[in-house]
Amino acid sequence: MFAGSILLPACAAPRAAARIMTFEEYRAISHAVPYVLEVQDGNGGELIYFGARHSYEPDDPQCRWIEQLWTDFRPAIAFNEGGDPPALSSAAEAISHHGEAGLVRFLAARDGVPVKSLEPTLDQLVDDALAAGFSPQQVKLYHALLPWISYRQSAGAEPLEAFMGRVLSSLSQFQSLQGPPRDVRELDSVFAELFPEQPDWRSVPREWFDPAANGTFLNALARRVSELRDVHMVGLLSDAVRRGERVFAVVGASHVVMQEPALTSAHDRARAWTVSHVSARGGIATQPAPRGD
């Protein structure tokens, strides 16, 4: 990608053995953030996969790093984690409301680059969780509270009751999720029943949605969801690279680390690195991404 950069050979495992790292394996390592994976295919396809720290702060240095990498790489197609946020009028506004996904959408709209979500559909996630044995109430609570975790970090101006009422109403349209909680009052009741030691769902800890942790059924469901998302992401990205596209994607760093074995095995060359800084003249300084196994 950059003048003077060296791509190291991808791992030597046969492509049939490519797989995504397990959470047991992930818990045993530490890694740099950001964690950037660069992949090349023999047909000219290339991927810059930026593993970010989730942030809604426009002044976060990684936002400048993402924008400079985008400018240097000149992608033909982009992907973001987190669905399909709208393209807002400025980078700062986009980041404040939608984090790194908002920044990718802003850059794509500005430069006329096609952009897609890396996420499977909610139907797929719901059906998979129910098939795995989670109850409809557990699945509905998870998918109601997860957007709330992000919303309370963002600059969203929608009143609390309106936001959560809209989320619950949307989830209730799934035939399998038509039971409670259907509104905020029922959410108060269901949450108190399932988590009597937690004062209020409004202060639910982010750690309960960490797929690498084991505290509650929310952690277990997050792990199931994350596994399905990782498989889906690898498929979308690999397909685009094999078509010869120049692909730029931004997700949380853990996804890049866990998907790295599958992506590097599926393509010809790869290297992982981290950004150390952007110079005053706009140059990106990189170094190998340390990862302790």
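The values are calculated or read from the model by the stated rules, or taken from the named source; none is laboratory data. Computed from a prediction, not measured in an experiment: that's the story for all the values here. Neighbour counts are summed over all protein chains in view; Cβ atoms, including those assigned to glycine, are modelled from backbone coordinates with ideal geometry. Areas reflect the complete protein model, heavy atoms only, side chains present, ligands, DNA and RNA absent. Shrake-Rupley method; radii C 1.70, N 1.55, O 1.52, S 1.80 Å.
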Over the chain, equivalent-ellipsoid semi-axes from the Cα gyration tensor in Å: 34, 22, 17
Relative contact order of the chain, pairs being alpha-carbon contacts under 8 Å that are 6 or more residues apart, as %: 38 percent
Overall Cα dimensions of the range 148-236, principal axis frame, Å, largest first: 39, 32, 29
Ranking by accessible area, most exposed first, for R202, R64, R27, R105 with a 1.4 Å probe: R64, R27, R202, R105
Estimated vicinal HN-Hα couplings, Hz - the range 205-212 in sequence order (Karplus 6.51, -1.76, 1.60; Gly, Pro = x): x, 4, 4, 5, 10, 7, x, 8
Alpha-carbon centroids, the range 165-189 and the range 218-248: separation in whole Å: 28 Å
Bins of 5 Å, starting at 0 and running to the largest distance - Cα pair percent for the range 237-293: 4, 13, 21, 26, 18, 12, 5, 1
Convex hull of Cα atoms in the range 199-293, direction-averaged projection (nm²): 9.5 nm²
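Determine, for each peptide in 70-77, 237-244, the mean count of other beta carbons within 10 angstrom over its residues, then list the peptides with the highest first. Each step should come with its number before you reach the end.
Values: 70-77: 16.5, 237-244: 18.2.
Those peptides, ordered most packed to least, come out 237-244, 70-77.
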Paired Rg and Dmax values of the range 21-89, which use every Cα atom, in angstrom: 14.5, 42
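D for the range 50-171, whole µm²/s, Stokes-Einstein with Kirkwood Rh over alpha-carbon pairs at 20 °C and 1.002 mPa s: what number? If you can, show how the numbers build up before the last one.
Working: Rh = 15.8 Å.
Rounded to a whole number, D works out at 136 µm²/s.
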